[in-house]
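Note sheet for the following structure.
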Amino acid sequence: MRIRTLPAAVATAALFSSVLLSAGPAAADTSVPISVGDVRDTVVDGAHQRLFISGDSVITVVDYTGKVIQTLTGLSGVSDLLLSPDGGTLYAAVTGADKIVAFDTTTLTQSAEYPTGAGTAPRHIALTQGRIWFGYGDQWDSGLGEVDLTASPATVKLDLAGGHDFASTPLLYADPSDPDTLVALDGGISTGPIVVYDVSSGTPVIRVTKDEGGFYRDAALAPGAQSIVVVGQGYRAVTEYRLSDLAKVHEYPVKDEPETVTVAPDGTIAATALDTENTGDTYVFPGGADAPASVRNLSDEWMPWGGHSTSWSADGSKLFVLTGSSGSMQFQTVDEPRKYVTKLAVNAPATAPRAKTLTVKGTLTAGLVPPAGTPVNVVRTDLLSPSGKSLGTTVLGAGGAFSFTDVPPAGGAVRYTVTYPGDAAHTRASASDTVTVSRTAPALTLTNNKKTYDYGKNVVFTAHLGTTYTNRTVEIWADPYGPDKPNKLIKSGKVDAHGNLTATVTMSRDTAVSAVFKGDPRYSPRTVKSTAYAHVKTASSLSKYFRTATIGSTRYRYYHKNTDAVLTTTMTYYKSRKERLDLQVYSNGRWYTTDSEYFALGTNGKSIVNLGHPGTAGVRARVRTSYLDPASGDNVNTTTYGAWQYFYFTN
């Protein structure tokens, strides 16, 4: 059995704190995955801010965020859990080992164990008068027993049902505020009653019993232990019964079959249901309410909840709910469980012209919609107000609908954020939508497009910006061809009085130069590009000649007819680059190409080619080296032809 009530003074403080909590802004509910299997029971340890979760033969200890702190293992078929009144001891019914085990809640180590007898299989437990009461057995062989902790050593007694023949292992409930009362639910059949025992003498005596429909799945004592709240399979209500005569006190309606229930120190009831239509699975009712204060849809799954998987925090300010199934369990924390969850939807036009009226619409939804006339706050965020500018409030109409108009002064992305601050009954909500507001395209030009320059020349590029609103800054970027050179910012600054900004680029490669204007509230961003081309730097020279002389007006290198002419070329290096060598011979007044071939450059940019010799005198020839884009192996420079080198073979 779970201890779910607090002493009166603590309960009063918890209620007061919950009232204060409801006055502040709502915190968001959270959901995190948790590594637990099938859940049999959960107990909250308020002193250590922990939860104990039983199932799959282990007790998993988690903090209030769902983080696993420790796992207590070796507990075959562990089922019910309960805390001692002082919170120092956790008791666990270990069904598969026929015993009840005690753990120190500070050290999380086992402090005692109490065998209940071979084949007893204790499943449900409660604690009062220094005795652990336990429901044991199966079906018609079930019974009520006790472990008397006041005896030394502790003693065990069985067959204490007081004349009632249990049809199933009884669920047991007790509360320190009424130590003479023990409640047993015979939930295995439709005629199973609720049995209220007087245990003041140490031996259970039936005080009152009544058939309330059986098939009880979970229950919780209300503060003060004067009534019990019960959920039963097949009913669409959570029912509260007075313990003195088991008269029905109140029904709390839920849409589907209720599965689990827990009661906060201030009497607020939380229950979960199957939710076959996926419309809401967790209900919160103030004590005596005819309608839930809030309904949350914590899980999309339709599932039997299995065991007691819903618990209030010790102060009643939070609600913890385990949803899902083994292998996909979620630890849900409801931070403001007494409030209706509100959701906002904002719908703005996708596009709009600047300085023209636009209309934004939306809806606030909740299980209980705030009344018409309730204000919501509107904030516009744009280039003129990047931190947001309040547009005041608009009010909810019928069904939570609202709308407002605005004249956006700035273009670009304009975001409208609507916020409902919440109140004592509703959580806070916020939503936004973004409009793309038109801006004027500015005039922007850049010089030197498609011009070609010698290698290494410093070239001045001029960007010209036309009329804008507030931004007069232009950036000039240079992106040399080739993957090894990144795009680089050359200059950034405000244009001069004529709208110009200049930057110098050293042309060692073909280069894409860009002028970038990043826009302002009225003028859109714009980029223009000029692609300028750069020659390679190349030079070549002949060697092994014996003299120079002119033929006509052209200077020739003279070679003996049997001496090889050698050409050395130096060219701007790039990986895998090759030079093209063209060789021509003069005959009958014309130059004829005899060879055209590519030669790889060394990493120093040099290439040495032996041109050979003709073996006869009177041969005039010329040779040149060139870089051809992209035939020379790359495209980072523009095609560059070297100068002809002339040579003559003689005797």
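The values are calculated or read from the model by the stated rules, or taken from the named source; none is laboratory data. Small disclaimer: the values here were computed from a predicted structure and weren't measured. FYI the Cβ positions are ideal-geometry reconstructions off the backbone, even for glycines, and counts take in every protein chain you see.
Summary of computed values
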read-out	value
Flag for G135 being of a type in the set (G, A, S) and closer than 22 Å to P85 by Cβ	yes
Inter-residue pairs, beta-carbon under 8 Å, first in the same structural domain as P409 (by TED's automatic domain parsing) and in the stretch 470-494, second among the hydrophobic types (A, V, I, L, M, F, W, C), 6+ apart	none
The stretch 117-137, residues that are aliphatic (A, V, I, L, M) and crowded, with 23+ Cβ neighbours inside 10 Å	A121, I125, A126, L127, I132
Tally, over the stretch 97-114, of residues that are part of a loop (DSSP other than H, G, I, E, B) and in contact with a Leu (Cβ under 6 Å, 6 or more places away or on another chain)	1
Selected residue (only one of T625, T593, T638, T616 is closer than 24 Å to A549 by Cα, at pLDDT 95 or above and buried (at least 16 other Cβ atoms within 10 Å of the Cβ))	T625
Qualifying position, being at pLDDT 95 or above, surrounded by fewer than 16 Cβ atoms within 10 Å (Cβ to Cβ) and not assigned by TED's automatic domain parsing to the domain that holds T470, among T527, T548, T569	T548
Residue check for L82: at pLDDT below 95, more than 26 Å from the chain's Cα centre (by Cα) and more than 30 Å from A429 (Cα to Cα)	no
Filter result (hydroxyl-bearing (S, T, Y), under 30 Å from R354 (Cα atoms) and part of a strand (DSSP E or B)) within the stretch 489-537	S492, S514, Y523, T527
Residue among S57, S111 that is more than 26 Å from S328 (Cβ to Cβ), in contact with a strand residue (DSSP E or B) (Cβ under 8 Å, 6 or more places away or on another chain) and without any contact (Cβ under 8 Å) to a residue 40 or more places away in the chain	S111
Any hit, the stretch 280-302, residues being more than 20 Å from V39 (Cα to Cα), surrounded by fewer than 21 Cβ atoms within 10 Å (Cβ to Cβ) and in contact with an Asp or Glu (Cβ under 8 Å, 6 or more places away or on another chain)	yes
Which listed residue, of N448, N471, is assigned to a loop (DSSP other than H, G, I, E, B) and within 18 Å of Y523 (Cβ to Cβ)	N471
When residues of the stretch 41-96 are limited to those that are assigned to a strand (DSSP E or B) and among the charged types (D, E, K, R), the one farthest from S326 (Cα to Cα)	D45
Restricting the stretch 473-513 to residues that are among the hydroxyl-bearing types (S, T, Y) and closer than 25 Å to T640 by Cβ, the residue that is surrounded by the fewest Cβ atoms within 10 Å (Cβ to Cβ)	T504
Meets criteria (in contact (Cβ under 8 Å) with a residue 12 or more places away in the chain and not acidic (D, E)) for T593	no
Number of the exception - D300 against (1) in a loop (DSSP other than H, G, I, E, B); (2) more than 21 Å from G55 (Cβ to Cβ); (3) touching a residue at least 60 places away in the same chain (Cβ under 8 Å)	(3)
Check on Y114, of a type in the set (F, W, Y) and closer than 30 Å to P286 by Cα	no
Total residues in the stretch 574-590, condition surrounded by 14 or more Cβ atoms within 10 Å (Cβ to Cβ) and not in a strand (DSSP E or B)	2
Matching residues in the stretch 347-384 - criterion: being of a type outside the set (A, V, I, L, M), under 32 Å from the mean Cα position of the chain (by Cα), over 18 Å from A425 (Cβ atoms) and in a loop (DSSP other than H, G, I, E, B)	P349, D382
Meets criteria (surrounded by fewer than 17 Cβ atoms within 10 Å (Cβ to Cβ) and closer than 21 Å to N347 by Cα) for T436	yes
Subset of the stretch 138-168 (residues that are crowded, with 20+ Cβ neighbours inside 10 Å, more than 47 Å from the chain's Cα centre (by Cα) and among the small types (G, A, S))	S142, G145, A161
Qualifying positions in the stretch 243-259 - more than 41 Å from the chain's Cα centre (by Cα) and buried (at least 16 other Cβ atoms within 10 Å of the Cβ)	L243, L246, V249, H250
Spans of strands (runs of 3 or more DSSP E) in the stretch 195-277 with at least 2 residues more than 22 Å from T310 (Cβ to Cβ)	205-211
Positions within the stretch 228-239 being surrounded by fewer than 24 Cβ atoms within 10 Å (Cβ to Cβ) and at negative phi, in sequence order	G232, Q233, Y235, R236, A237, T239
Among the candidates A161, A167, residue that is assigned to a loop (DSSP other than H, G, I, E, B) and in contact with a strand residue (DSSP E or B) (Cβ under 6 Å, 6 or more places away or on another chain)	A161
Number of positions in the stretch 85-124 that are more than 40 Å from the chain's Cα centre (by Cα) and closer than 17 Å to Q70 by Cβ	2
Looking only at the stretch 174-211, and only at residues there that are surrounded by fewer than 18 Cβ atoms within 10 Å (Cβ to Cβ) and among the charged types (D, E, K, R), the one that is farthest from the chain's Cα centre (by Cα)	D198
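Residue-wise test of (1) aliphatic (A, V, I, L, M); (2) modelled with pLDDT of 95 or more; (3) touching a helix residue (DSSP H, G or I) at 6+ places or on another chain (Cβ under 9 Å).
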{"residue": "R50", "(1), (2), (3)": "no, yes, no"}
{"residue": "D56", "(1), (2), (3)": "no, no, no"}
{"residue": "V62", "(1), (2), (3)": "yes, yes, no"}
{"residue": "T73", "(1), (2), (3)": "no, yes, no"}
{"residue": "V78", "(1), (2), (3)": "yes, yes, yes"}
{"residue": "G88", "(1), (2), (3)": "no, yes, no"}
{"residue": "A97", "(1), (2), (3)": "yes, yes, no"}
{"residue": "F103", "(1), (2), (3)": "no, yes, no"}
